[in-house]
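Below you'll find the structure, written out as structure tokens, and then a few comments.
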Amino acid sequence: ERPKDRLLGGLLSPEFDEASCLSRDQSAQYWKQSNHTPSPYLLQKLRNYESLHRRCGPNTELYNKSIEQLKSNASTRPSECNYVVWLESGGIGNRVISMVSTFLYALLNDKVFLLKLPDDFHGIFCEPFPGTSWILYSDFPIQDLDGFDISHPQIYGNIRKNNLLRNDMDAAKHSLPPYLYLYLIHDYSGFDKMFYCEEGQRLLRRFAWLFLKSNRYYVPAFFLNSEYSEELSLLFPEKATVFLYLSRYLLHPTNSVWGHITRYYESYVANAKQWIGIQVRMFGFAPFPFERMVSQIINCSLTGNILPEIVEEESAAPTTSGTNRKAVLVVSLHSGYFEKIRNMYYEHSTTTGEVISVYQPSQEKEQHTEKQSHNVKALSEIYLLSFSDVLLTTTFSTFGYVAQGLGGLRPWLLVRPDDHDLCLHSTSMEPCFHFPPSYDCKARKKVDIGSVAPYLRHCEDFPHGVRLFD
């Protein structure tokens with residue numbers, strides 16, 4: 001029987017009504033038992049944050065006071081309640097990894113974390129903080145939050161570039177803007193990347209309101225910032241557990257989404273002796289032949305002893321006992337990968353006598369992040385993948401990163417070099433930070449960011465990026 005530590009080692013607050021968000025209490029029954037334990041310092045930090053959010057969240061007296069200051073468009077300075085508002089960019093994988101990153105930024109700076117939710121994201125996640133809300137209401141006085149891009153004049157990078165904002169500015173002596181946009185998307189400029197520098201962080205603490213748009217997992221950059229090194233060591237003695245803990249703390253599917261997840265699991269997986277997840281994501285900027293990808297998936301599964309070999313010439317019927325069954329979940333926009341693997345095990349018995357059942361929950365063909373129904377399916381499949389005993393993922397996919405991080409899994413990576421197929425077992429369950437800064441703020445020179453700290457390595461699936469590992 002699965003362990004039933006519904007509070008995940010004290011990670012979750014006991015203050016919630018179980019029926020209001022079933023996934024918060026039931027997820028532990030489906031994830032594989034973790035060998036990791038959250039630090040007491042992290043648990044206390046989360047309880048302190050919940051108190052701050054309850055005191056400063058939407059519709060509180062302090063929140064309303066801050067809103068009135070914002071409406072006046074007057075220069076503001078840090079107060080008891082300071083806010084960072086997450087703005088969405090990209091598909092569900094990009095959104096989730098940037099949400100987790102921004103929440104860590106809020107934790108490190110004692111800021112209140114709020115979401116500007118697009119319509120297609122409503123009703124997907126439960127409220128994570130007891131007695132309050134994390135949603136920025138529609139009557140918020142700044143109405144153009146979704147429309148800003150890299151050229152917007154009030155983006156932090158552009159203001160720094162034009163020398164309108166300097167590190168030596170003090171809110172008591174200078175007229176600072178009432179708020180700032182932070183642009184941390186993959187095409188950001190060198191001035192935007194000054195966000196990661198110590199002096200940049202000290203400056204940004206002087207603002208009561210920050211609006212942050214990102215599609216990246218920028219957590220590793222905080223580990224290179226001396227302002228946070230001691231705090232992060234206390235929060236995460238095991239460096240490669242950041243996403244594991246913060247995603248499990250923050251992200252809880254609503255009851256309607258959780259119903260999708262658990263019904264599928266109980267219908268197809270519950271009686272299998274092993275649950276194998278295969279996630280395939282193809283990108284238009286890096287086309288890859290279908291047959292070659294199928295071959296790579298199968299070869300990786302066989303060489304890693306994940307799936308058994310088949311008997312080319314039938315000689316005996318396979319074992320049909322449910323205790324000798326492996327269930328395979330294929331998650332892809334297209335049906336071809338599922339059909340190839342299913343037919344392989346439908347038409348042939350296995351050398352081990354195991355029965356291989358292959359499933360695919362949806363076949364959307366194209367990504368439609370703008371549709372709420374599409375996002376419900378995507379989140380459901382991320383969670384189903386996170387329940388896997390073994391996980392195979394394709395390179396560069398933030399969808400796969402979320403599944404491995406939630407499940408605490410080190411995936412097999414279907415790496416795609418130009419000259420040959422390759423399958424690697426990842427050294428970490430952390431997502432990859434795809435486009436990190438290459439500038440050492442203190443030394444004021446370019447560096448190889450993957451070699452400056454013993455707990456950072458270049459990503460196996462995207463060598464330009466870096467990921468945390470232990």
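Once both labels are modelled 7 Å past Cα along the beta-carbon direction, what's the Ser175-Leu234 spacing in nm?
The two pseudo-label positions are separated by 4.0 nm.
Just reorder Glu266, Glu15 by solvent-accessible area, largest first, 1.4 Å probe, all chains present.
Numbers: Glu266 100, Glu15 120 Å².
Ranked from most to least accessible, the order is Glu15, Glu266.
With each pseudo-label sitting 7 Å past Cα toward Cβ, what's the Asn271-Leu145 distance in nm, one decimal?
Reported label-point gap for Asn271 and Leu145 is 4.9 nm.
To check you understand DSSP bridge types, tell me what percent of the beta bridges within the chain (both residues inside) are antiparallel, rounded to 5.
Values: 13 of 48 bridges.
Of those bridges, close to 25 percent are antiparallel.
When the Kirkwood hydrodynamic radius is evaluated over all pairs of different C-alpha atoms of region 183-245, what value in angstrom, to one decimal, is obtained? Mind showing how you got there, number by number?
On the way: mean 1/r = 0.0767 Å⁻¹.
About 13.0 Å, per the Kirkwood formula over Cα pairs.
Which trypsin sites (Lys or Arg not before Pro) in region 380-469 pass both tests, a DSSP loop state and at most 13 other beta-carbon atoms within 10 Å?
Details: sites: Lys442, Arg444, Lys445, Lys446, Arg457, Arg467; in loops: Lys442, Arg444.
Qualifying residues, ordered by number: Lys442, Arg444.
With the convex hull built on the Cα atoms of region 1-96, state its orientation-averaged projected area in nm².
Working: hull surface 37.4 nm².
Reported value for the Cα convex hull: 9.4 nm².
Taking amide H atoms as placed 1.01 Å from N in the peptide plane, list the residues 5 or more away in sequence, or in a different chain, whose amide H sits under 5 Å from that of Phe148.
none
Between Asn35 and Leu424, how many nm apart are label points set 7 Å from Cα along the C-beta direction?
2.1
Are there trypsin sites (Lys or Arg not before Pro) in region 362-438 that DSSP puts in a loop and that have at most 14 other Cβ atoms within 10 Å, and which ones? List each step's numbers first, then the result.
Numbers: sites: Lys365, Lys371, Lys377; in loops: Lys365, Lys371.
Loop-located and lightly packed - Lys365, Lys371.
Computed FRET efficiency, Cβ-Cβ of Met282 and Glu347, R0 25 Å: what is it to the nearest 0.05? It would help to have the intermediate numbers written out before the result.
On the way: r = 25 Å, r/R0 = 1.01.
In this case the efficiency is close to 0.50.
Over 18 Å between Cα atoms, which of Lys45/Lys442; Lys161/Lys193; Lys239/Lys445; Lys45/Lys193; Lys340/Lys377 qualify? Mind showing how you got there, number by number?
On the way: Lys45/Lys442 29 Å; Lys161/Lys193 11 Å; Lys239/Lys445 26 Å; Lys45/Lys193 27 Å; Lys340/Lys377 22 Å.
From Lys45/Lys442; Lys161/Lys193; Lys239/Lys445; Lys45/Lys193; Lys340/Lys377, over 18 Å: Lys45/Lys442; Lys239/Lys445; Lys45/Lys193; Lys340/Lys377.
Report the semi-axes of the equivalent ellipsoid for the chain in whole Å, largest first, where each axis is √(5λ) for an eigenvalue λ of the Cα gyration tensor.
Those come to 41, 25, 20 Å.
Net charge near Lys239, counting Lys/Arg +1 and Asp/Glu -1 over other residues with Cβ under 15 Å of its Cβ? Let's see the in-between values first.
Working: positive: Arg410, Arg457, Arg467; negative: Glu230, Glu231, Glu238, Glu430, Asp470.
Surrounding charge for Lys239 is -2.
If Lys and Arg each add +1 and Asp and Glu each add -1, what is the summed charge of the other residues whose beta carbon sits under 13 Å from the beta carbon of Ile97? Intermediate values should be presented prior to the final figure.
Working: positive: Arg95, Arg216, Arg467; negative: Glu88, Glu430.
Value of the local net charge: +1.
Give me the net charge of Ser20's neighbourhood, meaning all other residues with Cβ under 15 Å from the Cβ of Ser20; Lys, Arg count +1, Asp, Glu -1.
Numbers: positive: Arg6, Arg24; negative: Glu15, Asp17, Glu18, Asp25, Glu127.
Summing Lys/Arg as +1 and Asp/Glu as -1 gives -3.
Keeping all protein chains in position, work out how much accessible area Val100 exposes to a 1.4 Å probe, and write it in Å² to the nearest 10.
Counting only protein heavy atoms, Val100 exposes about 0 Å² to solvent.
Pulled fully out, how much extra length does the chain show between Arg166 and Glu313, if you take 0.36 nm times their separation in residues and subtract their Cα-Cα distance? Walk me through the intermediate numbers first.
Numbers: separation 147, 0.36 × 147 = 52.92 nm, distance 7.39 nm.
45.5 nm is the gain from fully extending Arg166 to Glu313.
Report the full-extension gain for the segment Glu15 to Arg444: residue separation times 0.36 nm, less the Cα-Cα distance, to one decimal in nm. Working shown, then result.
Details: separation 429, 0.36 × 429 = 154.44 nm, distance 4.72 nm.
My answer for the length gained is 149.7 nm.
Taking the alpha carbon gyration tensor of region 85-155, what are the square roots of 5 times its eigenvalues, largest first, to the nearest whole Å? Could you put the intermediate results ahead of the total?
Numbers: eigenvalues 75, 46, 41 Å².
Ellipsoid half-lengths, sorted descending, are 19, 15, 14 Å.
In whole percent, how big is the carbon plus sulfur part of the accessible area of the chain, probe 1.4 Å, protein atoms only?
Summing carbon and sulfur atoms, their accessible area is 49 percent of the total for the chain.
So what's the projected area for region 161-265, the Cα convex hull averaged over all directions, in nm²? If you can, show how the numbers build up before the last one.
Values: hull surface 39.7 nm².
With every direction weighted equally, the projected area is 9.9 nm².
Express the accessible area of the chain per residue in Å², computed with a 1.4 Å probe while the remaining protein chains stay in the model.
Details: 19440 Å² over 470 residues.
Accessible area per residue: 41 Å².
Per DSSP H run of at least 4 residues, take -39500 (n - 2.57); add these up for the chain, divide by its residues and hand me the 222 nm value, nearest 500 deg cm²/dmol.
Numbers: 14 runs with 149 residues, N = 470.
The helix contribution divided over the chain gives -9500 deg cm²/dmol.
The values are calculated or read from the model by the stated rules, or taken from the named source; none is laboratory data. From a predicted model like this one, the values you see are computed outputs, not experimental measurements. Here Cβ is always computed from backbone atoms with ideal geometry, including for glycine, and neighbour counts include all displayed protein chains. To get the accessible areas, we keep the full protein, side chains included, count just its heavy atoms, and leave off ligands, DNA and RNA. Shrake-Rupley method; radii C 1.70, N 1.55, O 1.52, S 1.80 Å.
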